[in-house]
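Working notes, beginning with the structure itself.
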Amino acid sequence: MANNFAMLLDGFQTAFTPTNLMFGLLGTFLGTLVGVLPGIGPALAIGLLLPITMTVNPTSALIMFAAIYYGAMYGGSTTSILLNTPGESGSVITALEGNKMAKAGRAGAALATAAIGSFVAGTIATLLLAFGAPAMAELALTIQPAGYLALIILAFATVGTLLGSSRIRGLVALSVGLVIGLIGADLQSGALRLTFGNLNAIDGIETVTVIVAIFALGEALYLASRHTLVPAQVLEIRGKAWMTKADFQRSWKPWLRGTAIGFPLGVVPAGGSEVPTFLSYGVEKALSKNKSEFGKGAIEGVAGPEAANNANAAGVLVPMLALGLPTSATAAVVLVAFQSFNIQPGPMLFQTNPEIVWGLIASLFIGNFLLLVLNLPLIRFWVLLLKIPSHYLYAGITTFALLGAYALNNSTFDLQVALAIGLLGFLFRRFGVPITPLIIGVILGPLAELYFKRALQISQGDWNILIAGGFPKVIYGLLFLVIIGPLVWNFKKKFAVKK
Amino acid sequence: MDIPQDNSIISPQTFPYMVAAFASLVGLALIINILRGNYGVPDGDAPGDPFTPLNLRTMVIVSTAIALHVILLEIAGYIVAAIACFWGVAYGFGSRKPLKDLGISTVFALIVYFAFTQGLNINLPSGFFEGILSNGK
């Protein structure tokens with residue numbers, strides 16, 4: 001514990017060097033920018049900026065990426081409140097009450113409770129991350145390959161079934177991701193799989209190409225397909241972006257409750273920020289003394305979910321850093337960023353790269369503070385961005401995304417893949433198939449195979465090793481609950497209705 | 001598939017077969033789901049919402065713009081490809097000011113090109129402008 005604290009102080013020293021501070025500041029700025037702009041989120045932004053890993057040092061680059069991750073959470077709320085179009089998926093719930101508040105002329109209070117709540121939640125959650133991740137890493141050192149495989153399968157199940165409206169479609173997305181992850185030469189034997197004689201495919205499909213194509217191109221095609229030419233209306237902010245004492249009194253409990261909901265649901269793989277923000281909204285609605293205000297602009301309905309969203313972002317970083325298991329699309333890209341520096345997040349990370357990982361955690365505190373300071377005074381500047389005509393916005397995003405896909409390997413094959421996956425992404429969006437399971441499948445599929453093979457190599461081919469020992473059994477037990485739980489629930493509901 | 005000789009315990013085919021089994025199972029479940037009338041709704045639409053008809057025209061324009069970028073990139077260079085793509089997507093999204101768009105596309109393409117090639121030292125095909133823009137590199 002005391003040791004962690006000393007390491008964190010060292011981290012602050014790393015983060016406070018002028019270069020790193022500058023990259024952190026740039027990251028918070030870019031993060032807020034992509035959070036504010038509809039159609040471009042943190043996963044896509046980091047994916048597009050990955051080429052900088054060729055020229056920028058690992059610590060600075062990762063500090064910037066983490067700042068983008070946090071910044072996007074702040075920016076997303078602005079768009080939700082003023083435009084009623086969520087800037088990113090964790091802000092969907094914020095739009096419910098936030099936009100109503102803005103319509104009633106209370107945009108300033110909604111923005112303030114979102115920003116301050118994000119700061120409070122982000123700071124508490126980053127503190128929990130700083131002490132939780134090393135603890136988890138220590139525990140994880142004892143996990144065998146079979147245990148890792150069990151964890152990955154559990155992550156597949158939760159991410160696949162908890163996202164979106166249809167569990168089957170989540171699993172379909174996951175299986176498509178797994179198949180894409182298989183493409184290329186097998187790591188151990190060198191056998192070519194699913195390359196169909198194409199030499200370019202031997203190295204496999206880049207995760208970043210998939211992310212960029214599906215988020216940018218898929219989204220652009222989808223929006224184009226239902227384009228109606230009606231410009232969205234940006235609501236004005238009257239007065240200052242600040243809140244009254246009464247607003248504050250109504251907000252602080254939701255902030256803390258949102259943090260308590262968001263952080264743990266980030267640590268266990270619950271598939272991103274949708275579930276915790278939704279839960280937080282439900283809790284606030286149930287506990288509020290002003291129930292009648294819900295649906296008409298209740299400040300609790302903004303404060304809670306926004307805090308949950310930010311705490312969740314920090315929570316997701318715990319398994320990402322300590323186990324090397326990303327459970328959201330953004331965490332997946334951050335993992336790719338680590339890998340492009342030949343650093344493998346996981347139990348050993350805190351020992352092999354303490355400077356990077358503690359510098360990263362320290363910079364999250366700094367970034368969080370900068371975001372609070374930057375966001376409220378600059379709010380009018382961010383609002384201006386919302387007035388960029390959508391045709392230029394999507395033209396820019398599409399062109400930039402294609403550049404990101406190309407610049408990774410300077411290969412037109414990657415661009416062809418991007419176009420194909422963009423069309424796939426369009427179909428996914430059109431038919432309500434969630435995207436995150438696909439990305440998790442692409443990135444964790446090969447890892448699952450690796451642990452699977454390692455486990456069987458240890459046991460000389462005896463498959464019993466996969467369920468040997470206590471840890472895998474516990475995880476498979478949880479898996480069973482994740483699969484069976486909702487089925488029982490549905491059955492009960494149906495039964496009750498029939499009665 | 002050619003399987004190289006190796007003495008590892010697990011064949012490179014084992015895991016793909018497991019994925020294939022899983023994918024087939026899920027695919028079957030999806031078919032049953034669809035046959036039972038659950039067609040899938042876009043995120044953000046409620047199950048009962050009226051179906052927004054596809055605007056195929058804009059979709060075709062946008063995908064053509066992307067395809068054009070892919071084709072032009074190595075033939076005509078990054079700048080031309082980026083201008084074509086930016087302009088095409090903007091047109092697809094309903095902009096009807098071709099000359100203004102051309103100006104904005106050009107400025108965008110030039111800024112991106114120089115930021116990446118000069119600022120970040122990332123090579124992009126220069127195409128027609130080889131020698132003029134590459135600063136003798």
Anything in region B:37-53 that is at the interface with chain A (Cβ under 8 Å from one of its Cβ atoms), surrounded by fewer than 14 Cβ atoms within 10 Å (Cβ to Cβ) and at pLDDT 75 or above? List them, or say none. B:TYR39
Find all pairs meeting these conditions: Cβ atoms under 6 angstrom apart; at least six residues apart or on different chains; first residue within region A:480-499 and under 20 Å from A:VAL159 (Cβ atoms); second residue modelled with pLDDT of 80 or more. A:VAL482/A:ALA157; A:VAL482/A:THR158
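Is it true that some residue in region A:72-88 is in contact (Cβ under 8 Å) with a residue 12 or more places away in the chain, of a type in the set (Phe, Trp, Tyr) and within 14 Å of chain B (Cβ to nearest Cβ)?
Within region A:72-88, not a single residue is in contact (Cβ under 8 Å) with a residue 12 or more places away in the chain, of a type in the set (Phe, Trp, Tyr) and within 14 Å of chain B (Cβ to nearest Cβ).
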Within region A:100-114, considering residues that are part of a helix (DSSP H, G or I) and surrounded by fewer than 23 Cβ atoms within 10 Å (Cβ to Cβ), the one farthest from the chain's Cα centre (by Cα): A:LYS103
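So that you can scan it fast, the table gives a plain yes or no per residue for (1) touching a Gly at 6+ places or on another chain (Cβ under 6 Å); (2) buried (at least 20 other Cβ atoms within 10 Å of the Cβ); (3) part of a helix (DSSP H, G or I):
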| residue | (1), (2), (3) |
| --- | --- |
| B:ALA81 | no, yes, yes |
| B:CYS85 | no, yes, yes |
| B:GLY88 | no, yes, yes |
| B:LEU99 | no, no, yes |
| B:LEU102 | no, no, yes |
| B:SER105 | no, yes, yes |
| B:LEU110 | no, no, yes |
| B:ALA115 | no, no, yes |
| B:ASN123 | no, no, no |
Which one of the conditions (1) within 25 Å of the chain's Cα centre (by Cα); (2) within 20 Å of B:ALA20 (Cβ to Cβ) does A:LEU478 fail to meet, given that it meets all the rest? (2)
Any residue at all in region A:358-369 that's among the hydrophobic types (A, V, I, L, M, F, W, C), modelled with pLDDT of 90 or more and not assigned by TED's automatic domain parsing to the domain that holds A:ALA110? no
Is at least one residue of region A:226-244 at pLDDT 80 or above and assigned to a helix (DSSP H, G or I)? no
Criterion (in the same structural domain as A:VAL267 (by TED's automatic domain parsing), in a helix (DSSP H, G or I) and on the phi < 0 side of the Ramachandran plot) met by exactly one of A:VAL176, A:VAL159: A:VAL159
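When you scan region A:131-143, do you find a residue that is within 30 Å of A:VAL433 (Cβ to Cβ) and either at pLDDT below 90 or within 14 Å of another protein chain (Cβ to nearest Cβ) (or both), even just one?
Of all residues in region A:131-143, those within 30 Å of A:VAL433 (Cβ to Cβ) come to none.
Checking region A:131-143: not a single residue is within 30 Å of A:VAL433 (Cβ to Cβ) and either at pLDDT below 90 or within 14 Å of another protein chain (Cβ to nearest Cβ) (or both).
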In this structure, does A:ILE52 turn out to be within 24 Å of A:LEU335 (Cβ to Cβ), assigned to a helix (DSSP H, G or I) and within 14 Å of chain B (Cβ to nearest Cβ)? yes
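Per-residue answers, yes or no, for (1) part of a loop (DSSP other than H, G, I, E, B); (2) crowded, with 18+ Cβ neighbours inside 10 Å; (3) not small (Gly, Ala, Ser); (4) not assigned by TED's automatic domain parsing to the domain that holds A:ILE81:
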{"position": "A:GLN13", "(1), (2), (3), (4)": "no, no, yes, no"}
{"position": "A:PHE23", "(1), (2), (3), (4)": "no, yes, yes, no"}
{"position": "A:GLY31", "(1), (2), (3), (4)": "no, yes, no, no"}
{"position": "A:VAL34", "(1), (2), (3), (4)": "no, yes, yes, no"}
Given the conditions (1) hydroxyl-bearing (Ser, Thr, Tyr); (2) facing another protein chain (nearest Cβ under 9 Å); (3) touching a Gly at 6+ places or on another chain (Cβ under 7 Å), which single one is not true for A:SER189? (3)
Taking A:ILE435 and the conditions (1) over 22 Å from A:THR207 (Cα atoms); (2) at pLDDT below 90, which numbered condition does it fall short on, given that it satisfies the others? (1)
Given (1) assigned to a helix (DSSP H, G or I); (2) within 26 Å of A:VAL210 (Cβ to Cβ); (3) of a type in the set (A, V, I, L, M, F, W, C), index of the condition A:LEU9 fails: (2)
Among the residues of region A:470-499, which ones are at pLDDT below 75 and touching a helix residue (DSSP H, G or I) at 6+ places or on another chain (Cβ under 8 Å)? none
Search region A:274-303 for residues that are at positive phi and pair each with any residue that is among the basic types (Lys, Arg) when their beta-carbon atoms are under 7 Å apart and the residues are at least 6 apart or on different chains. A:GLY297/A:LYS100; A:GLY297/A:ARG106
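The values are calculated or read from the model by the stated rules, or taken from the named source; none is laboratory data. Small disclaimer: the values here were computed from a predicted structure and weren't measured. When we count neighbours, we look across all protein chains shown, and the Cβ atoms used for this are built from the backbone with ideal geometry, even at glycine.
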